[in-house]
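Working notes, structure below.
Just so it is clear, none of the values below were taken in a lab; they were calculated from the coordinates. What you see is a predicted model; the values in this text were computed from it and never measured. Glycine also receives a Cβ, built like all others from the backbone with ideal geometry; neighbour counts cover every protein chain displayed.
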Amino acid sequence: MTWSLALALALIAWATLAGLDLASVLQVLVSRPVVAGPVAGLILGDPATGLRVGVALELFALDVVPVGAARYPDFSAATVGAVIYAAGTAWPESLGAAVGLGLVLAGAAGATVPLTRRINAIVVRAYSDRLARGDPGAVRAAHLTCLGNDLARSTILAVAWVGLGLWLATAGVRPGPQVGRLLTLTALAGGAWAVAHGAMASARAGPRWRWALAGLLVGSLGLMVEW
Amino acid sequence: MVNGVARSFLRLLVLQGSWTYERLQGLGMAFASVPLLRPLEPDPERHAQAVARATEYFNAHPYLAGIAVGAAARAEREGVTGATIQRLRTALSGPLGSLGDQLFWIGVVPAVVGALLIAIVAGAGLWAVGVGLALYLAVRLLVTQWGLLLGLKAGLGVSAALQKSGLADQARRVGLLAGLAVGIAFPLVTRWFMPAAGAWTPWVIGAGAAGGVVAALVRFRVPPARRLTLVAMAVVLLLSWGVG
């Protein structure tokens, strides 16, 4: 893979956008691995790796419900870093290591969300007198400052995780083929655990598990027809 | 007024940008409410009280928060008392949160992601990602607009209007679809990853899935799959290092 400043900047920009999507801006699917990964792969010129890493990390993301004040991992820039690390390699040997890297980075990035919210609280407290007086200018200033905090958080993470992925890829920090395959198998088993746990945890109370089971049968039948 | 609604709609898309543990979405709600409270500006005291009220503690699902923003703004403009508006916000906060979580985080998102996974492993690749993202974005924008207009139209009667909208039934149906989509996707994704370790792959993935089901059913707390996977990977690396 040939690296350039423009390529690195494009990846940082994409990872930053994905990070903002997590909670502050829009909250559509941009921060999900299944979107962040393939687009990172497209930017890198290796969409297939982006899809593989994105789908594998998405299995873990399906076990996360980002409600209210809950702490959850931030897969956005982490997925981009993992795709950079795996790009241009044989996926059966590199997928597991890339997923492991993605999980570590997503967990670390998730810890920055409550930190940003605490910084936001300091900003809001600084405006509290004006807010109590009903000053619309203070509402605007405080909100935009907090949005700026999340932009800073997302940018710092994007630079760090893109840089780390790039460094690991160019330094050739990779397991051997056999260990790489074992790691991939471990990652897939873990992903299956996550999907099954997520599906069961949200389905226990209602008929949803029956629909999931029906889907499982339909998918399995589809495979039999294919074979 | 139309301009105020459009500005409020755009601001609702960044509602959670100022989320804090003290006011939760309160400041974001005020940010989205300010354009709707403009008609009160000729009466500075009333306007200031309305803006100050909007900044107070509030939490709901971000896609449905517009319902509360619209309803509270309508009530403010109609001169409803501050205490009643505060009660309205409190009454809407919980239901809009749990309904939105059921409908979107546990319903639409896994349904769309499940469909995306099916399309990707079926060979649609990046097209599937683009189309899925565009459709989801459209749903997000339409729901936000619908919620804001519903709140503005219904005012204090928003709870009845929300009930009449049938959103709770939709949440149940979408939840079933999500189960179906993820269920169909699972074996197909397994097949897609088969080349990783040949014939062993489905057995290992099956064992992982069984572990996940058991972990969801047992009463004691099991660490999340993310952590368990990293521990297993560390063991693999340590063992291979020892053997090497």
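Counting Cβ atoms of other protein chains within 10 Å of each Cβ in A:128-139 and taking the mean gives 6. By the compact-protein rule of thumb, 2.2 N^0.38 Å, the alpha-carbon radius of gyration of segment B:199-244 corresponds to a ratio of 1.39.
About the Cα centre, and with charges only on the beta carbon of Lys, Arg (+1) and Asp, Glu (-1), how big is the dipole of the protein assembly as shown? Nearest 20 debye, please. Walk me through the intermediate numbers first.
Details: 35 positive and 19 negative charges, 159 e Å.
Result for the protein assembly as shown is approximately 760 debye, rounded to the nearest 20.
The alpha carbon gyration tensor of segment B:55-149 gives principal lengths a ≥ b ≥ c with a/c of 1.5 or higher and a/b greater than b/c, which makes the shape prolate. Computed over Cα pairs, the Kirkwood radius of chain A leads via Stokes-Einstein (1.002 mPa s, 20 °C) to a diffusion coefficient of 113 µm² per second. Our Cα-only numbers for segment B:33-96 put the radius of gyration and Dmax at 11.1, 34 Å. In whole percents, the pair-distance distribution calculated for the protein assembly as shown from its alpha-carbon pairs, binned every 10 Å from zero, is 4, 21, 28, 24, 15, 7, 2, 0. Using a simple spin-label model with pseudo-atoms 7 Å out from Cα toward Cβ, A:Ala90 and A:Gln178 lie 1.4 nm apart. Placing dummy labels 7 Å off each Cα toward the beta-carbon, the span from B:Val214 to B:Ala168 is 3.8 nm.
Are there trypsin sites (Lys or Arg not before Pro) in segment A:122-218 that DSSP puts in a loop and that have at most 16 other Cβ atoms within 10 Å, and which ones? Walk me through the intermediate numbers first.
Numbers: sites: A:Arg125, A:Arg130, A:Arg133, A:Arg140, A:Arg153, A:Arg181, A:Arg204, A:Arg208, A:Arg210; in loops: A:Arg133, A:Arg204.
Passing both the DSSP loop test and the Cβ count: A:Arg133, A:Arg204.
Each 5 Å bin, from zero up to the one with the longest distance, holds this percent of the alpha carbon pairs of segment A:131-172: 6, 21, 14, 13, 10, 10, 8, 6, 6, 4, 3, 1. Per residue of chain B, the DSSP helices (runs of n ≥ 4 H) give a summed -39500 (n - 2.57) that works out to -23500 deg cm²/dmol at 222 nm.
Which is the longest run of chain B containing none of the trypsin sites (Lys or Arg not before Pro) found in DSSP loop states (not H, G, I, E, B) with at most 16 other C-beta atoms within 10 Å?
Details: sites that count: B:Arg219, B:Arg221.
Counting at most 16 other Cβ atoms within 10 Å as exposed, the longest clean stretch of chain B is B:1-218.
Computed across segment B:2-192, the Kirkwood radius stands at 17.7 Å (inverse of mean 1/r, all Cα pairs). How would you classify segment A:174-227 from its alpha-carbon gyration tensor, with a ≥ b ≥ c the square roots of the eigenvalues: rounded for a/c under 1.5, else prolate if a/b is greater than b/c, otherwise oblate? Because a/c hits 1.5 or more and a/b fails to exceed b/c, segment A:174-227 counts as oblate. Working note: 222 nm ellipticity from helices only, DSSP H runs with n ≥ 4, each -39,500 (n - 2.57), summed and divided by the residues of chain A, gives -26500 deg cm²/dmol to the nearest 500.
Please report the net charge: other residues with Cβ closer than 14 Å to the Cβ of A:Ala77, K and R +1, D and E -1. Show your work: numbers first, answer last.
Details: positive: A:Arg32, A:Arg153; negative: A:Asp21, A:Asp74, A:Asp150.
Taking every other residue near A:Ala77 into account, the sum is -1.
For segment B:109-191, just say rounded, prolate or oblate: build the C-alpha gyration tensor, square-root its eigenvalues into a ≥ b ≥ c, call rounded for a/c under 1.5, and beyond that prolate if a/b exceeds b/c, oblate if not.
Details: a/c = 6.41, a/b = 2.10, b/c = 3.05.
Because a/c hits 1.5 or more and a/b fails to exceed b/c, segment B:109-191 counts as oblate.
Of the residues A:Val159, A:Ile43, A:Ala106, the one whose Cα sits farthest towards the positive end of the charge dipole of chain A is A:Ala106 (charges of +1 on Lys and Arg Cβ, -1 on Asp and Glu Cβ, taken about the Cα centre).
Placing +1 on each Lys and Arg Cβ and -1 on each Asp and Glu Cβ, with no other charges, gives segment B:134-227 a dipole about its Cα centre of roughly 220 debye. Length gained on full extension, A:Ala69 to A:Leu221: 50.6 nm, using 0.36 nm per residue less the C-alpha separation. Label-to-label distance, A:Ala6 versus B:Ala91, with points set 7 angstrom from Cα along the beta-carbon direction: 5.9 nm.
Sort B:Ile184, A:Ile12 by Cβ crowding within 10 Å, fewest neighbours at the top.
Ranked by crowding around the Cβ, least crowded first: A:Ile12, B:Ile184.
Would you mind checking segment A:9-41 for residues with the amide N under 18 Å from a putative spin-label position 7 Å along Cα→C-beta of B:Gln145? Counting only backbone N, you get A:26-28.
Normalising the average separation of contacting C-alpha pairs (under 8 angstrom, six or more residues apart) by the number of residues puts the relative contact order of segment B:2-192 at 25 percent. Among B:Ala232, B:Ala115, B:Ala168, the largest mean-square fluctuation in a Gaussian network model of chain B (Cα springs under 10 Å) belongs to B:Ala232.
Between the listed residues B:Thr20, B:Ala52, B:Tyr63, the Cα displaced farthest toward the positive end of the dipole of segment B:16-75, a dipole computed from Cβ unit charges relative to the Cα centre, is found at B:Tyr63.
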